[in-house]
Amino acid sequence: MAKIFQRKIEAFVGIPVMKKMTEMGLQQSKLVGPKKAFLPNSGVHMNYYEREAVTNNDDSTDFERPEQPVHQPTILFCHGMNSSAMEFIGLLTMLDIPAHIRILIPEQIGHGEEEHKRAFREGDSFQYSEAVTMVEATSEFLDVVNAGPNTHALGNSLGGALVYYLRAKRPDIVQKTVLVAPAITACINTEFVDRVRDGVSDFQCREDVKKFMRDHMWTDAEKRAKRNIQTKDPVPKIAYEVIYQLTKKTMPRGHNKAIQDKLLSVFDDKEISGALVDSVGADQQVLGTEHIHDVFAATSDIDADSHRLVVWPEEDQVCTFEEGKQFFAQSMASGKTKLEPIPECGHCFHDNGTGLYNLVAPRVRSFLLDF
């Protein structure tokens, strides 16, 4: 009984605090949203957040919004699975991106507050995205919002894979990329895939959240024990109840699992159409082989000429670091790809509980802002 009362208190206090912190972070970031962009080819609306670029007017000390020029510096951020644009609030503060750079953060189908509301309204008729349609929709989004050919992109986990495939499809727009623990098919831990399919990240109770954060998002428990790491939880204990209650209240039951199952279908498909590279042109056949059928099945870099920085936790239990080194070996050897490992760090948390983005920000800032 005491535990039940404690959990109610944690939710009663924690949920308003978390919402207030998010509101304050959003205000500080100067992001505006959610905005809506209709994608006519995909037939859907995509929600997104934007910080419009401002330039210093030579005739005054005020800032004004310019028309979007062809070479407008722009940074695209792509969030992880079951996340949202709010994932980047803290990172934006740490990166301190200059005001003349435009920021775009699209939310994928099924992700974010507005999509959760739509999922409730539509019920069983709600359509979840496969990996191909996710890339296609984001590519169309870049055209609809007039992202020019001076765009850099950063993505984490699922977002890292999205940025990777998006750059391969749209080298006319995306120039430099930062991939943080990218969930490229060949690099995903298949044991983790099996656990996800079993519902490990569906958060049907508080204990699900706790196990997921500690057993999958952190470093391996046995390795922590050998290193005599004393931290018992990578996040405050109150957050477990808050995350569980917010999941329960803000999205339909099984929503996260439905998203995951649809995206993980790439592991089952024998062949996927080469639609992702159809629009790139014959001069971009470097993306694979002359007979490419499935870019998601590639076991080595399909876009070896891309100028990218890959940041990878060495003890990632979701996207395996060793597989990542093998996948990017050729482009690393040519100097196009730089791999930045983070020792003693898991998919989201360092051994000592430090969040991944706190470690990522100083490693990527100069590269990402170098237009």
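Note on region 102-148: residues that are of a type in the set (G, A, S), surrounded by 18 or more Cβ atoms within 10 Å (Cβ to Cβ) and touching a strand residue (DSSP E or B) at 6+ places or on another chain (Cβ under 7 Å) amount to 3.
Which residue is modelled with the lowest pLDDT, if the candidates are limited to region 93-140 and must be polar (S, T, N, Q) and not in a loop (DSSP other than H, G, I, E, B)?
Of the residues in region 93-140, the ones polar (S, T, N, Q) are 93, 108, 125, 127, 129, 133, 138-139.
Next cut, not in a loop (DSSP other than H, G, I, E, B) only: 93, 125, 133, 138-139.
Numbers: T93: 96, S125: 95, T133: 92, T138: 97, S139: 97.
Of everything passing the filter in region 93-140, T133 is modelled with the lowest pLDDT.
Entry remark, region 155-204: residues being out of contact with any strand residue (DSSP E or B) (no Cβ under 8 Å at 6 or more places or on another chain), surrounded by fewer than 19 Cβ atoms within 10 Å (Cβ to Cβ) and either within 20 Å of V266 (Cα to Cα) or small (G, A, S) (or both) number 10 in total. Scanning region 73-121 for residues that are basic (K, R) and touching a residue at least 12 places away in the same chain (Cβ under 8 Å) gives a single hit, R102.
Residue by residue through region 141-152, note down the ones that are assigned to a strand (DSSP E or B) and either touching a Lys or Arg at 6+ places or on another chain (Cβ under 7 Å) or small (G, A, S) (or both). Before you say what the answer is, go through the steps one by one.
Going through region 141-152, the residues assigned to a strand (DSSP E or B) turn out to be 151-152.
H152, the sole residue that qualifies.
Restricted to region 160-252, the set of helices (runs of 4 or more DSSP H) holding at least 3 residues that are among the β-branched types (V, I, T) comprises 190-197, 237-250.
Look through F327, F367 and report the one residue that is under 15 Å from G160 (Cβ atoms) and in contact with a Ser or Thr (Cβ under 8 Å, 6 or more places away or on another chain).
On the way: F367 fails: in contact with a Ser or Thr (Cβ under 8 Å, 6 or more places away or on another chain).
On inspection, the qualifying residue turns out to be F327.
Within region 80-94, count every residue that is closer than 20 Å to E23 by Cβ and either buried (at least 18 other Cβ atoms within 10 Å of the Cβ) or of a type in the set (V, I, T) (or both). Write out each step before concluding.
Going residue by residue through region 80-94, those that are closer than 20 Å to E23 by Cβ are 83-94.
Keeping just the survivors that are either buried (at least 18 other Cβ atoms within 10 Å of the Cβ) or of a type in the set (V, I, T) (or both) gives 83-89, 91-93.
Summing the residues that are closer than 20 Å to E23 by Cβ and either buried (at least 18 other Cβ atoms within 10 Å of the Cβ) or of a type in the set (V, I, T) (or both) in region 80-94 gives 10.
Taking residues in region 11-40 that are on the phi > 0 side of the Ramachandran plot, and partners anywhere that are surrounded by 12 or more Cβ atoms within 10 Å (Cβ to Cβ) and not hydroxyl-bearing (S, T, Y), the pairs with Cβ atoms closer than 6 Å and at least 6 places apart or on different chains are K30/R51. Restricting the search to region 316-333, which residues are crowded, with 23+ Cβ neighbours inside 10 Å and charged (D, E, K, R)? If the condition is that a residue be crowded, with 23+ Cβ neighbours inside 10 Å and charged (D, E, K, R), then D316 is the only one that fits.
The values are calculated or read from the model by the stated rules, or taken from the named source; none is laboratory data. A quick note: this is a predicted structure, and the numbers were derived from the prediction, not measured. Note that we place each Cβ from the backbone using ideal geometry, even for glycine, and neighbour counts take in every protein chain shown.
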